[in-house]
Number of protein chains: 2
Amino acid sequence: MAEQDDERSWKRIENLVEGEKSETLTGFMKTLSPADIALAFSRMDRESQLRALSIVPPKDAADVIEDLEEAFFADAALIVGALPAKRAAAILDCVRSDRQADLLSAMPPATTEEILRLMKPDEARDARLLISYPEDTAGGMMVTEYLVYDEGITVRQVIEDFRRNANVYADYDVQYGFITGPGRRLTGVLRMRDILFKDQSARLADVMHRNPNVIHVGDKLEKMSEFFDRHGYFGAPVVDADGRLVGVVQRSSVRRAEEQRESRAFLRLSGIIGGEELRSMGLWNRSSRRLAWLTLNIFLNMMAASVIAANEKIISQVAALAVFTAIVSDMSGCAGSQAVAVSIRELTLGLIRPKELFRVLAKEIPIGVMNGLLLGIILGIVAYFWKGNIWLGVVAGGALAANSIVSVVMGGSLPLILKALKLDPALVSTPILTTITDMCGFFFVLQFAALLLSRLV
Amino acid sequence: MAEQDDERSWKRIENLVEGEKSETLTGFMKTLSPADIALAFSRMDRESQLRALSIVPPKDAADVIEDLEEAFFADAALIVGALPAKRAAAILDCVRSDRQADLLSAMPPATTEEILRLMKPDEARDARLLISYPEDTAGGMMVTEYLVYDEGITVRQVIEDFRRNANVYADYDVQYGFITGPGRRLTGVLRMRDILFKDQSARLADVMHRNPNVIHVGDKLEKMSEFFDRHGYFGAPVVDADGRLVGVVQRSSVRRAEEQRESRAFLRLSGIIGGEELRSMGLWNRSSRRLAWLTLNIFLNMMAASVIAANEKIISQVAALAVFTAIVSDMSGCAGSQAVAVSIRELTLGLIRPKELFRVLAKEIPIGVMNGLLLGIILGIVAYFWKGNIWLGVVAGGALAANSIVSVVMGGSLPLILKALKLDPALVSTPILTTITDMCGFFFVLQFAALLLSRLV
């Protein structure tokens, strides 16, 4: 879609909503990609959003809601929750089960319950099952739309079922059929494309792959990631403790959850906590979440700056030191951030384990020393030429060299330590790193200066 | 794989390599997931890596190379390039065409040419085709392994071909068959599962979907992303200017490229430039890339700190100001980073366009004012209680409030401006933001102090 059209799409939707032109609206929205829908909805006010979802058929409204979710549009649950419960239920009936569960879990419990009561009984049953599992487990991420056949039937019966229910299966991933025995216990998996090669009168029990690889309903995201890293499947059966088939986790759902986790890490690293912030959200909501983070930081900053306060006398004698406290603390922050990023990335890729602190130290210390010395020499030379005092160069350069080593070593190891303590490295590394490297930076500049004070004044 | 096993896997590989136990090694490596392989190889020295790839059959070595690439292991091309050319060619013959091209493009041209000459003629021809396209276009990302049939043949002939070549197709994505007419022009697409429902004597021309959605060989990643956002396909045909079918781009390749782009953005934002840095890379390589970034920053830092240098006299009279220059510049950096992160994220999600600067300003100014005032009040109160001087509180609080507004507004708009200028927001935003907000912060503290100097000393 060309750029000039983008801006018009939400105005067009709003106009169609106002004119109650349900059919034209339905048709128009179908031409938009998920990204277009997310963009358009992000620019509409809540009232237009709700009316747009109310005047089109539920099935089409469900597509829009899935599109919003797809684009990580954090508002999707808020919008559905704000609809009249009956309408929300009709829309959710048409949404894929894993997304149903995501949306319902994100609403206040009373709203969830009210909507569930108004949904189709079988849809509500599936949804209740899914939301009973924690969101980041297989149970919370699986879908309940999949092909399942009894091991006793024949290939011909499968093909007939497949033809008869082509409509129902239109939205399914039909690459695999899951085969169960007595008590719905999973006994095998059938790659659907293989049934082309099979004798049509064969029983499934004789043509299926036995002992399939399974995911357990309580498995966490890490475990599922590893599963799909190891196996090339597009989806995997989920079983409960008794080996009963309860759902299917799709590779794409796992990849999507990983992406969301990475996006959250990116935002947290920059101090956007509590999930996605979009500018379409309310001012107070955005402002207060950012402020929570800043307030913590201002106290950490004051703590760090107290090192300067304690050395006020030295500064009043050599005011030029204020220039170097600023440069040394900022530069160490830069050098430390690089090491933090490499550690977070290696943790994400599984190339390092939290207990391998020694490896990180062995790899970061040489870099800290090399880069610290080089930067220290640059700053020392500049300081010397500025004031014509070699000792000022020694203080500035020495402090930067020492502090770069501290911050690189600390930046590299902090994420591992935080991970081992079950804290989020992306969220906690930066404030701790900055506070400590600021304190050390101030300390080195001012203490080196105190030692050489007679040569500086 | 349990944690205690992880560490042993590369030692086990090294032992098997030393003992030349080719078969055991092949078997063992097959049990490892791509993440395990990447972890193990990241801990082995180059010599062991090369020997491991030399003593197993080429097909298995190719699996290892694909695993390394999968885990974003930046070393994969270096390893293949370091192998004897004949061995490298034998391995690359077995690698999927899009990865072949990625690996060959990353090597020195002479090495690429030597390996291509030793590869199987048809594999080399495909690889030459792919590397002739820029890496971030459809031509560079497509695969040449796909099902293609002439529109004149029948459904029965397709099924027969499918059965006959099941082995060849084992690694293909066989969800779609692409149908061509005279001159290899793409005329239709067939969803392979649909052939179950078709009359076996029907000609493909009569059962295929005509006018399929296509990707053009020169399309860039953004365009392909949008394509797969809009359409639910697992893969799409790539055509040249004359409508001839030249390859297939898979949804998963596009998603992978997007992920890599996001990872690079994450790393750049933290000052890791020039692509992935892993601790298994050489010290000099890692150190010099980080240093390039730090050297730029030290000069920016000196520029910012020159504002303090210019106001040395004020500091020597009120040394406490050195405390507040530090706090104000750091805090503004925090507040600005939050706004940068939200803008980068909205740009990534396509929720904002570079030219919508006004929208960002309208959304960020209120936050800047609210949070700036609140933080300013906190700092002002602390400053007042520390020295018992209300005017010091006014200077510190006022400077922080003013600078927070500057940095939030600037942080929000910089990524859009950089994007419009075709610069990378993740790489360039932070240094520019930090330099300017540091300068402004120092300026506000010291100028407010100069105005109220008589009340401060």
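The values are calculated or read from the model by the stated rules, or taken from the named source; none is laboratory data. These numbers were taken from a predicted model, which means no experiment stands behind them. Glycine gets a Cβ as well: all are built from the backbone with ideal geometry, and neighbour counts include every protein chain shown.
Assorted remarks:
Let's see how each residue does on (1) surrounded by fewer than 20 Cβ atoms within 10 Å (Cβ to Cβ); (2) of a type in the set (Gly, Ala, Ser); (3) over 30 Å from residue A:165 (Cα atoms):
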{"position": "B:199", "(1), (2), (3)": "yes, no, no"}
{"position": "B:206", "(1), (2), (3)": "yes, no, no"}
{"position": "B:213", "(1), (2), (3)": "yes, no, no"}
{"position": "B:221", "(1), (2), (3)": "yes, no, yes"}
{"position": "B:224", "(1), (2), (3)": "no, no, yes"}
{"position": "B:232", "(1), (2), (3)": "yes, yes, no"}
{"position": "B:243", "(1), (2), (3)": "yes, yes, yes"}
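- Residue check for residue A:153: outside the structural domain of residue A:94 (by TED's automatic domain parsing), on the phi < 0 side of the Ramachandran plot and in contact with a helix residue (DSSP H, G or I) (Cβ under 9 Å, 6 or more places away or on another chain): yes
- From the options A:433, A:427, A:423, A:446, residue that is over 27 Å from residue A:351 (Cα atoms) and either in the same structural domain as residue A:331 (by TED's automatic domain parsing) or of a type in the set (Gly, Ala, Ser) (or both): A:446
- Within segment A:10-44, considering residues that are over 32 Å from the mean Cα position of the chain (by Cα) and β-branched (Val, Ile, Thr), the one surrounded by the most Cβ atoms within 10 Å (Cβ to Cβ): A:17
- Hey, residue B:414 within 12 Å of chain A (Cβ to nearest Cβ) and either part of a loop (DSSP other than H, G, I, E, B) or in contact with a Ser or Thr (Cβ under 8 Å, 6 or more places away or on another chain) (or both) or not: no
- Of the residues contained in segment B:197-206, one or more are found to be in contact with a strand residue (DSSP E or B) (Cβ under 8 Å, 6 or more places away or on another chain) and hydroxyl-bearing (Ser, Thr, Tyr).
For every residue, the table says whether it meets (1) assigned by TED's automatic domain parsing to the domain that holds residue B:333; (2) of a type outside the set (Ser, Thr, Tyr); (3) under 27 Å from residue A:34 (Cα atoms).
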{"position": "B:190", "(1), (2), (3)": "no, yes, yes"}
{"position": "B:211", "(1), (2), (3)": "no, yes, yes"}
{"position": "B:225", "(1), (2), (3)": "no, no, yes"}
{"position": "B:242", "(1), (2), (3)": "no, yes, no"}
{"position": "B:253", "(1), (2), (3)": "no, no, yes"}
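- Qualifying position, being among the polar types (S, T, N, Q) and at pLDDT 85 or above, among B:270, B:263: B:270
- When residues in segment B:377-404 are screened for being of a type outside the set (Ser, Thr, Tyr), facing chain A (nearest Cβ under 10 Å) and either touching a residue at least 24 places away in the same chain (Cβ under 8 Å) or closer than 30 Å to residue B:222 by Cβ (or both), 5 of them pass.
- Among residues of segment A:234-273, those that are more than 9 Å from chain B (Cβ to nearest Cβ) and in a loop (DSSP other than H, G, I, E, B), counted: 5
Table: residues versus (1) assigned to a loop (DSSP other than H, G, I, E, B); (2) touching a Ser or Thr at 6+ places or on another chain (Cβ under 6 Å); (3) among the β-branched types (Val, Ile, Thr).
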{"site": "B:24", "(1), (2), (3)": "no, no, yes"}
{"site": "B:27", "(1), (2), (3)": "no, no, no"}
{"site": "B:42", "(1), (2), (3)": "no, yes, no"}
{"site": "B:49", "(1), (2), (3)": "no, no, no"}
{"site": "B:53", "(1), (2), (3)": "no, no, no"}
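- Residue that is nearest to the chain's Cα centre (by Cα), among those in segment B:298-357 that are facing chain A (nearest Cβ under 7 Å) and of a type in the set (D, E, K, R): B:345
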